[in-house]
1. Here's a check for you: in region 298-334, which residue that is buried (at least 22 other Cβ atoms within 10 Å of the Cβ) and over 27 Å from E385 (Cα atoms) is farthest from the chain's Cα centre (by Cα)?
2. What residue, among those in region 489-517 that are in contact with an Asp or Glu (Cβ under 7 Å, 6 or more places away or on another chain) and among the polar types (S, T, N, Q), is surrounded by the fewest Cβ atoms within 10 Å (Cβ to Cβ)?
3. Is it true that some residue in region 542-554 is assigned to a helix (DSSP H, G or I), under 11 Å from Y628 (Cβ atoms) and out of contact with any Gly (no Cβ under 7 Å at 6 or more places or on another chain)?
4. Exactly one of these conditions fails for N80: (1) out of contact with any His (no Cβ under 7 Å at 6 or more places or on another chain); (2) closer than 25 Å to Q267 by Cβ. Give me its number.
5. Give the number of residues within region 603-633 that are over 12 Å from Y497 (Cα atoms) and small (G, A, S).
6. Quick one: count up the residues across region 73-104 that are within 14 Å of F119 (Cα to Cα) and either in contact with a Ser or Thr (Cβ under 8 Å, 6 or more places away or on another chain) or loosely packed, with under 12 Cβ neighbours inside 10 Å (or both).
7. Assuming L51 fulfils every condition listed in (1) surrounded by 13 or more Cβ atoms within 10 Å (Cβ to Cβ); (2) farther than 25 Å from E272 by Cβ; (3) of a type in the set (A, V, I, L, M, F, W, C) apart from one, which condition is it?
8. How many residues are crowded, with 23+ Cβ neighbours inside 10 Å, in a loop (DSSP other than H, G, I, E, B) and of a type outside the set (V, I, T) when one looks only at region 335-374?
Amino acid sequence: MSELLYYIKKDEHSSDALEKILSDNKNIKFVSLMGVDLGGNATDEKIPVSLFLDDIDSFLNSSIQTDGSSVELHDIATLNNAKVDLMADKDATWFVDYNHNFYDEETDKPVGTLKIPAFLIHDNKKVCSRATLKRAEEHFKQSILDIINKYPQVLDNTDINSPEEIESIGLTSATELEFWVNTPEDKADLEKLFVSQSLKEQYWKRTHGIIRTCLEMCLIELERYGLEPEMAHKEVGGIHSSINNEGSTNHAMEQLEISWKFNTPLQAADNELLVREVVYDIFESHGLEVSFKAKPIHGVAGSGAHTHVGVSAKLKNGKFVNLFAPKNLREDYLSPIGYGALMGILKNYEVLAPIVTNTNDGFNRLVPGFEAPVCTVTSLGHSYEIPSRNRSVLVGLIRDIENPKTLRFELRSPNPQSNKYLVISGCYQTMLDGILAVVENGKFDTKELEKEISKSEEETGFYLEEGRKYRDENNVFEFYTLEERNKMFGIPPATVYEAMLNFENYPEKLKVLTCGDVFTESILTSFKAGSLDKWKKKLSSRIIDRNIRLLRTFVKLHTGENMDALDEVMWDSIVQIKFDLMKNTLKGPSIYGMIKNAIDLGNFKEASDLQIIAKSKMEEIQQLYVNYRKNIY
């Protein structure tokens, strides 16, 4: 398929160039404008190429109407004002999506759809995820230039002598994708998965069979799309698959990861959507199911999607300088701009957290013990010369003393279903707040800034809050108790409802997101409404119903002939939890019944509190039943 057209760069987005390209690639039959709503959903409306070419200037330079009810814009695109338009983004890379199950008869090539990234427009305002990130990029770059010109001493510990040397500011972002694949109908054997994970039998091991084939096909396909894949490997979760008599893979259940090269923030977020589609199409075409859920299997490692952010300056002499890197990486961890950016994320994470994690599934992943960050804390390293490899923190500092250009921050809390457009936007907004605090307080000494970020919870900083600790070089899950973590790093939200309360509980920090009109008030209100709507609907129906079906599979296994008193005790405990969770009686509703009632009455706090109790009981009963079943002979 090397002769297929896979992407079109922005310098070929003129009407003349596109007419020639589409004329030369007649198997490209459709055009689709891809807007991304606030829920992270990408639109896909197919327009015949012939219609596109007949009115190509209008498609490229004006808005195309779509149905507002088909996108997630709560309280923006309402029933009485649902008109939403799509405007093509001519600065982005456009990709061609191929249907390998449908070949064009004339060219004998798969039928393609040219996917054009677009902005969603309502009442003449760009209201989508892509537009938010575009505003964040523009606001951050201009603000950094203004800061450097006003406070040139912020450059003293960098390889830039004066603001006059700077031609422009560049932002780089990178994401990655972890996911689970399995053969259809196979059910998870939790005990096998847990033991395999504990023994690290899968992590970075050699893939084989159809899993290897699909993974290699994904890397080759991503190369064709120009994404420059860097790595693919097994993740920590999974068990060995087996081969049947026909030589086909049986009982595959493995966790995988793919990473690719960084790009500008908006293009990086677009690229992740493409990677998801490529992975899904290739594995599904080979009979394997793909899950991008954050925690598809309870008790086993969830899937993260770590997000990297960096800032550089392009000098007039053509040189690029990393603005987070100090002049000497053997004497400092970060530059003043770097310290400010890191502190900005940490201090304002209460309002960034709801954007990063806004689903029940996402909160299922954020539990101690699975390399998922729970505490708002960073690690810089045990010394300047030894980079930090602490996987228990929220924000990692990625640094290589031999290559300062690679220095960046890694936010470890996002999952595959996090809206990366909004996550990256929030990162740059919060980083900017910290940088402003540094320069406005005249804190240009890197040793003083290192002391600030390393302060104890009892100390007061010029920017960071008293009662909180922000840096720790220990494994925070093993070194501290739950009570100690909550005291030092703050109590994290446990449900979607608790997370969304942060928008109300931290109004001053919310202003950090709205600065420069990046996150408008209407966008934050819409995002919150959409997140709560999905939370209550999935909780009251899908989650509860799924758990009830699971509870019904927990049946009595022992008899009078093969039992011990221990079996009876364990079974009585299982029965009691089943009763508490799902059995409504004349005396009152079950826990699940109370959750549904609370949601129906709009008492979301009660529903949230009960969800935490129900989740704890489900975890307890699942472990109880595993132990009970193992004791039956």
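1. V300
2. T514
3. No, region 542-554 contains no residue that is assigned to a helix (DSSP H, G or I), under 11 Å from Y628 (Cβ atoms) and out of contact with any Gly (no Cβ under 7 Å at 6 or more places or on another chain).
4. (2)
5. Residues flagged as over 12 Å from Y497 (Cα atoms) and small (G, A, S) within region 603-633 amount to 2.
6. Final tally of qualifying residues: 5.
7. For L51, the exception is condition (1).
8. Matching residues across region 335-374 total 5.
The values are calculated or read from the model by the stated rules, or taken from the named source; none is laboratory data. The shown structure was predicted, so the numbers you read here are calculated from the model rather than taken from an experiment. Every residue, glycine as well, gets a Cβ built from its backbone with ideal geometry; the counts of neighbours run over all protein chains shown.
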